[in-house]
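Below you'll find the structure, written out as structure tokens, and then a few comments.
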Amino acid sequence: MRGFFLIIKAEIVRSFIIARRYWFRSLTGMVIGYGMLMVMIAGFMVSRDKVETALAGKFDDPTAATNFVLGFIIGMFAFSVVGMFTQGLQGMARTGVLEQLCMSPHGLITNFLARSVVGGVSTVLSSSLMVWLVTATVGGKLHFDPVSLPVLLLLTFINLLGFGYMMGGMVLVFKHVGEVALLIRMALFALAIMAREELMHSSFLLGAIMHALPITDAAICIKYVLIQDQVRVVNDVVTQVSVFRHESFYFLLASCVFWTATGMMCFKMMENWSRAKGTLGSY
Amino acid sequence: MSSTTHVVSLSNIQKTFVTRHFFQLDEDTHKRQIYRKRVVNAAMNVSFGIRRGEIFGLLGPNGAGKTTTVKMISGLVKPDGGVVEVEGMDVERWRHRILQRVGVVLEGTRTSIWPLTPLENLAYYGNLKNVTGKRLFERSHELLDFIGLKDQKNVQVRYLSRGQKQKLAICIALIADPQVLLLDEPTTGLDVQSSRSIKDKIIQMTREQGKSVLVTTHDMHVAQELCDRVGIINHGELVACKTTEELLTLFSDQQFEFRVDREPAAGRFQEIRGVREVSTTLSADGAVLTVRLVREPDKRSAALYEIVSTLHGDGYRLLGVNQHQESLESVFLQLTGPGPKR
């Protein structure tokens, strides 16, 4: 456990030094992210009628635009967490840093867990800042629940971590998977944007696939808290239903257990395979 | 290989790599093969040990299995068979515990994080190896001072020279004060000064701090200057494992050169017992009779005496006798070259 916190400390210091040393790059990244979101929102505003008409046919949802923007941010989070295990790992293998991590007495799983926690927290912080800036600019309103939101973010992170470990394990053995994984990351990104309760019920097969993937239920729950303020309309009666009693929350819990177990097991197996193949740490 | 006398010991290590290629061009037939399986023996029953305070050199041509051996000791590669032990602990069983006691510098990798300074790099890797607080601070400064990077401690690694980066890689490997240091081609691509400086530091820490060092190299001068013992590996097979002196003696004590006033008849000496090969060459002051003798000391002495007597009996004037001094390079070539191995 001490080792885990030591790595976290080392990662925080490293990230902080690099962010400070390359402050212009860090700032530019934030500005570009904010600019992209604003352009998207502007696009929605310009063609709002058309978008709402198009969406109205499918979903009776007046918050489609907010849903989309929030989905975009959750998607970015998923993209970034899984990216640490795919392109990130591939990059570290190229530079030789991965070999050093493999030779750390704490083991690769602990090292990656600590790296991901630091990376995840910094992504959550920067995403929160982005959400706040965007809502402040367009005058929208999101409902922050101090109890359910951290729980949901933690579960989302754990879920993505498990999935990331599985992908990372594959990258350990087959380094070029890192490039293919970009498509999977893009798919997760798109899922986070598209995730809606209505889609889950549209067909059994689609529903099953959506539940099996790590980001869908998480995105639905977060959107349910932030956009709908945990309010449901049942038989034309508006009722406050906690997210912890939401169907997707249970799927999220099950998904967390499944992906964490699968991810860890897969990563450990792949690490051993990679050692046998002689590709651990090297590109 | 007894692990009680050796800090690192490898016993009957075996490792085979299998690579599969699809639609690859065959160099011989110039035709594309749909599927091709290639088996490479990186280690075939390799056994050797490294003692405390010893510099052990592992020599071999490219692809001989040197790096694989280093990676098996550091736990990066799993052997197919055999046992690797560090301080009496099996690497397969106690990998994470052993990594605290082993420092590794692998060839051709960047190791250090370039946007950070050497001091920051050591702080980062120190934490990864359980070194913290005051100990980390003192150790980092001590290492940078020792290796000669004191003045560059606050310069970003990307601005350092290749030699300085290599020195930093050694510092990173030493941050947890490991008993064993594995250096894979530590001086490759470095200029003479940097190479000299790194070699001096390796010798210094082995002699002063009693560390055990494994150096892989294909630079024979590095091995000859640096190593107490040398193992020569070829196609995954350890073909020799002796002290540098023993290895040189073993191969140099067989060849003698007799400088005489005129060219002698080689056939006269070929019949002498203990003589394996005879050749003659003309020189400015006469001729040189080169004789390769058997290795057994008694037979060799008798043969030497017989040669001198024959020369004297035939009326040749003996101008001088030289024992041919082999370099580690020629020993290496004899052992790994295409010719018969001795």
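The values are calculated or read from the model by the stated rules, or taken from the named source; none is laboratory data. Just so you know, these numbers come straight off a predicted model, no measurement behind them. Methodologically, a virtual Cβ is constructed for each residue, glycine included, from the backbone with ideal geometry; neighbour enumeration extends over all protein chains shown. When the accessible area is computed, the model is the full protein with side chains, heavy atoms only, and any ligands, DNA or RNA have been set aside. Shrake-Rupley method; radii C 1.70, N 1.55, O 1.52, S 1.80 Å.
So, R0 is 35 Å and r is the distance between the beta-carbons of B:Gln323 and B:Val40; what FRET efficiency does that work out to, to 0.05?
0.30
Eight or more residues apart or on different chains, and alpha-carbon atoms under 15 Å: count the Lys pairs in chain A matching that.
The number of close lysine pairs in chain A is 4.
Using a cut-off of 13 Å between beta-carbons, work out the net charge of the residues near B:Asp200 (Lys and Arg +1, Asp and Glu -1, B:Asp200 not included).
+3
In the neighborhood of A:Ala10, defined by Cβ-to-Cβ distances under 13 Å, what is the net charge if each Lys or Arg adds +1 and each Asp or Glu adds -1?
+3
Return the ratio Rg/(2.2 N^0.38 Å) for segment B:8-249, where Rg is computed over Cα atoms only.
Normalised Rg, Cα atoms only: 1.08.
Roughly how many Å² is the accessible area per residue of segment B:93-142, as a whole number, for a 1.4 Å probe?
42
With a 1.4 Å probe and every protein chain kept in, tell me what percent of the accessible surface of the protein assembly as shown is carbon plus sulfur.
Carbon-and-sulfur percentage of accessible area, whole number: 59.
What is the antiparallel percent of DSSP beta bridges lying wholly in segment B:8-249, to the nearest 5?
60
Could you tell me how far the Cα centroid of segment A:245-283 sits from the Cα centroid of segment A:195-226, in Å?
Taking the Cα centre of each part, segment A:195-226 and segment A:245-283 sit 21 Å apart.
If the only charges are +1 at each Lys and Arg Cβ and -1 at each Asp and Glu Cβ, what is the size of the charge dipole of segment B:8-249 around the Cα centre, to the nearest 20 debye?
So the dipole magnitude of segment B:8-249 works out to roughly 780 debye.
Would you work out which of A:Val117, A:Gln100, A:His211 lies farthest towards the positive end of the dipole of segment A:65-211, given +1 charges on the beta-carbon of Lys and Arg and -1 on that of Asp and Glu, about the Cα centre?
A:Gln100
Against the longest principal axis of chain B, how steep is helix B:118-128, in degrees 0 to 90 to the nearest 10, with axes from Cα atoms?
Once rounded, one gets 80 degrees.
Simple spin-label model, 7 Å along Cα-to-Cβ: B:Glu245 to B:Glu306 in nm?
Between B:Glu245 and B:Glu306, the label points sit 3.1 nm apart.
What residues of segment A:1-18 lose no less than 20 Å² of accessible area with every protein chain in place versus their chain by itself (probe 1.4 Å, heavy atoms only)?
A:Arg2, A:Leu6, A:Lys9, A:Ala10, A:Arg14, A:Ile17, A:Ile18
In a Debye calculation with equal point scatterers on the alpha-carbon sites of the protein assembly as shown and no solvent, what is log10 I(q)/I(0) at q = 0.08 Å⁻¹?
For the requested q values the scattering log ratios are -0.73.
For segment B:40-111, what percent of Cα pairs sit more than 18 Å apart?
When all Cα pairs of segment B:40-111 are counted, 41 percent exceed 18 Å.
Within segment B:42-70, list the residues whose amide N lies under 20 Å from a label point set 7 Å along Cα→Cβ of B:Thr188.
Residues B:42-44, B:56-70 fall inside that zone.
For A:Phe24 and A:Val147, compute 0.36 nm times the residue count separating them, minus their Cα-Cα distance, and round to one decimal in nm.
40.8 nm
In terms of Cα to Cα distance under 19 Å, which aspartates and glutamates are near enough to B:Lys150, apart from those fewer than 8 places away along the same chain?
Those aspartates and glutamates meeting the cut-off are B:Glu120, B:Glu138, B:Glu142, B:Asp177, B:Asp200.
Probe 1.4 Å, all protein chains in place: accessible area of B:Thr281 in Å², nearest 10?
Rounded to the nearest 10, that gives 80 Å².
Under a 1.4 Å probe, what is the accessible area of segment B:161-299 per residue, stated in Å²?
42
Check cross-link reach from B:Lys37 to the aspartates and glutamates: straight Cα distance under 19 Å, and skip same-chain residues fewer than eight apart.
Cross-link targets: B:Asp26, B:Glu27, B:Asp28, B:Asp80.
Provide the solvent-accessible area of B:Thr187, counting protein heavy atoms only and rolling a 1.4 Å probe, rounded to the nearest 10 Å².
20
What helices does chain A hold that run 20 Å or longer along their axis, going by alpha-carbon atoms, with a Kyte-Doolittle average of 1.0 or more, using DSSP H for the helix calls?
A:23-46, A:64-85, A:108-138, A:148-173, A:177-194
Computed FRET efficiency, Cβ-Cβ of A:Ala190 and A:Ile32, R0 22 Å: what is it to the nearest 0.05?
0.65
Could you tally the net charge around B:Ser9, taking each other residue with its Cβ under 13 Å from the Cβ of B:Ser9, Lys/Arg +1 and Asp/Glu -1?
-2
B:Lys242: which lysines have alpha carbons under 18 Å from its alpha carbon, excluding same-chain residues fewer than 8 sequence positions away?
In chain and number order, the partners are B:Lys66, B:Lys341.
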